[in-house]
Amino acid sequence: MRPARHLRGAPRRRSRILAVLVATVALAALLAAVPAAPAQAAAAWDLSNNAFIGQNVVELSGTKDEGSELRITRGADGSGDVVCVIEAGTETFTCGPLSVPNGINDFGGVVEFGDGSTTTLTPLRLRVLGPPTVSAGSGSPISAGRVVGQGQPGARLQVQTVGDNGAVVHACPDVLPDGFWSCALSRSNAPSGEYSVSARQGPPAPSTEFSIFGTAVPFTIDREPPEPPRIFEPSNGTSVSGSDIRVRGTAEANANVQVFVNAEQRRIVDATDSGEWDCIIRITGTGNRHIQALQRDAAGNFSAPTQRIQVTVVGQESETPTPSPSSPSAAPGPTTPSAPGTPDEPDATDGNGEAGGDPDSNDGSATPSPPPGPNGSAPPAPVRPDGPAPNVTDTNWGTPTTFGASLPTAAQVWERGGWLIGLLVGIGYLVLVAWPMRLVTQGSLPRLLPPGFRLTGRNRAVADDDNPVLPGWFVAAGVLGGATLVAALSGGIDLEVRYLRLMAAIGAALLVLNLVAVVIPARVAGRLTSSAVTERLLPSMLIAATITALLSRLWDLQPPILVGVLVATTIVGVVPRSARAGVAIAQTTGVAVVALAGWAIHDVLTPAVGFWANLAAEGAAALALGGFGSIVLLLLPVGPFPGRTLYTISRLGWAVVTIITAAVGAAVAVSGPSFPIVPLAGVAAAFGAVCLAVVAWTRWVEPSLR
């Protein structure tokens, strides 16, 4: 019966096929009947629509009909200003070079044929971002390593130096909202010497596009501090009877000389082309006075102060000091910078940026600094174009470092798409790092490692000494100090006192991170669950901190990767699983909360001015970077980490928490100026592949070979 049904269905199937063929032929005939567009209407741009142009000049080109005339206009609809007219007689056209501003630039065109008919050219949209400008700062082509300029607000920035060490590209903080940018070049990549400096900028991350490098500016980098100036008058041990003391000497040509009396700044004067300088200082009261001077060269480097010149003031009455009219160049200036090798010199400020009092003054009151004169010295830091000059007292202890400068704000992370990339990185971290590491450490690694041996002998048990070699507090302080130094080295340090402030901020931040984020929450959780909680140092975390610091320096990661948690808490004895889970959750939650708080505080305090503000901003940055870098490791389901406890209790919960925390940390990292997400993803993929290969060998291949 089946053949019969098949035969009856065959004519029906053939009729359907015939109907499809007829419809196809009819459609083809209909299309053929429609008049074809004339070949003369064909005209096209060589540039693709929405193309990126990395300079403020563009040349438009394309093809058209030989017999047509083309008018190219600004604006997509062809109604804007005509920039080019291409006559008939050529099949290709070139228009430009045209000046284009930063931003979206639309171009259109009108094609006119020989018969008088016209048609519009497909609109062309270009995204333009030209190079930023480079300024030498304060009108001088010499600097101690800082380059400044103007760019597109919010753009990513890179600076290129060409010198004796070749061409080096430096990652820099983003351009500020007012268009000003500043980049501190590291001593290792830009030592003292002559350079040609240029810069380029690009759209915010995750875009990888950059403009061309702008016009190179000759630049001299001078990092060497000058010698102390010389004081010829007065001589040491001189007695003076008047209230005005003339101080003169020599310094580097055109240097800025600051004169101090009993560590209080009294005059700022510029040296002449020959290096001579001279000023008048008014002294009140009688008694011994110590006069010192230091100089700041054209690059902004400070010398050490001179030796003390002691003078004795006799035979005058105390009076209120007034500025000397014979010293028009007097101006209040920066506080005395601490010079290496002179720790016993008195401070020039009271710690708040204000000039300190005269400790030897008979009237017991501080002598105020004179008002600025008409020939005040140039500011020590580069001046923002069309902006206020920096505070001239912001030097040394109060000078900001680059630590934390590349830490993006939450708004910048959102604008640059960091949250989406961070989520992908969080999933990749779970799949390629955390989960493969769990598989290897639990089942494969114990089978691959050789059996252990004992240094005490095969037939003798190990004897443990209950008395430790070093006190516990000493070991903890050493570990904290080592971690502080490692964290500071991740961003680079120098022989300047501001880096002592940086290390103090990092050390305090790490102490807060370990106590407030780990120990205290775990203790509270242990108290609530009636469990005994103990703490122990994690040498593996210090090793991880050292490795990440080296990678941050070698790869110039911006922001750097820090590991700040150095302790872990455990429960002693047999307790319910819920108690262990509570302690583990308390640790991870505490680190996350403190890291987020540090991130928010750093956002509020930036930009910081002065010693205390910079100390707080750098500490907040250390909290954020150290917390984000540590929590990713703490959630690993191996060893003494709390992630192992969470994995044992709930694998799904552990996976969700790991993805979220890794996503937040990755979002902050990838939104910085320079973070090699692609190479790190390759390393993670290779690590995961090796781990899975080891698991496959120990579980299936090696047993089958027995």
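General remarks:
- The set of residues in the stretch 484-524 being of a type in the set (Gly, Ala, Ser), surrounded by fewer than 20 Cβ atoms within 10 Å (Cβ to Cβ) and under 19 Å from residue 185 (Cα atoms) consists of 492 alone.
- Residue list for the stretch 154-176, restricted to those being part of a loop (DSSP other than H, G, I, E, B) and over 16 Å from the mean Cα position of the chain (by Cα): 164, 165
- The stretch 533-556 residues that are aromatic (Phe, Trp, Tyr), paired with ones that are crowded, with 17+ Cβ neighbours inside 10 Å and assigned to a strand (DSSP E or B) (beta carbon under 9 Å, 6 or more apart): 555/674
- If you go through the stretch 198-246 and keep only what is surrounded by fewer than 17 Cβ atoms within 10 Å (Cβ to Cβ) and among the hydrophobic types (A, V, I, L, M, F, W, C), you end up with 212, 216, 232.
- Odd one out for residue 257 among (1) assigned to a loop (DSSP other than H, G, I, E, B); (2) at pLDDT 90 or above: (1)
- Any hit, the stretch 112-129, residues being closer than 22 Å to residue 216 by Cα, modelled with pLDDT of 85 or more and not in a strand (DSSP E or B): yes
- The set of residues in the stretch 234-284 that are of a type in the set (Phe, Trp, Tyr) and more than 45 Å from the chain's Cα centre (by Cα) is empty.
- For the stretch 96-117, filtering for residues that are over 33 Å from the mean Cα position of the chain (by Cα) and surrounded by 14 or more Cβ atoms within 10 Å (Cβ to Cβ) leaves 10.
- Criterion violated by residue 640 - all others in (1) modelled with pLDDT of 85 or more; (2) of a type outside the set (Lys, Arg); (3) under 27 Å from residue 480 (Cβ atoms) satisfied: (1)
- Set 519, 565: member being in contact (Cβ under 8 Å) with a residue 40 or more places away in the chain, assigned to a loop (DSSP other than H, G, I, E, B) and not assigned by TED's automatic domain parsing to the domain that holds residue 168: 565
- Filtering the stretch 276-301 to residues that are closer than 17 Å to residue 224 by Cβ and either assigned by TED's automatic domain parsing to the domain that holds residue 184 or assigned to a loop (DSSP other than H, G, I, E, B) (or both) leaves 297, 298, 299, 300, 301.
- Residue match in the stretch 581-601 (condition: over 21 Å from the mean Cα position of the chain (by Cα), surrounded by fewer than 24 Cβ atoms within 10 Å (Cβ to Cβ), farther than 25 Å from residue 545 by Cβ and without any contact (Cβ under 8 Å) to a residue 24 or more places away in the chain): no
- Take the conditions (1) closer than 30 Å to residue 582 by Cα; (2) in contact (Cβ under 8 Å) with a residue 40 or more places away in the chain; (3) in contact with a helix residue (DSSP H, G or I) (Cβ under 8 Å, 6 or more places away or on another chain); (4) surrounded by fewer than 19 Cβ atoms within 10 Å (Cβ to Cβ); residue 640 misses just one of them, which is (3).
- Flag if residue 186 is surrounded by fewer than 20 Cβ atoms within 10 Å (Cβ to Cβ), in contact with a Gly (Cβ under 7 Å, 6 or more places away or on another chain), in contact (Cβ under 8 Å) with a residue 60 or more places away in the chain and farther than 14 Å from residue 202 by Cα: yes
The values are calculated or read from the model by the stated rules, or taken from the named source; none is laboratory data. In this text the structure is predicted, and so the values were computed from the model without any measurement. Here Cβ is always computed from backbone atoms with ideal geometry, including for glycine, and neighbour counts include all displayed protein chains.
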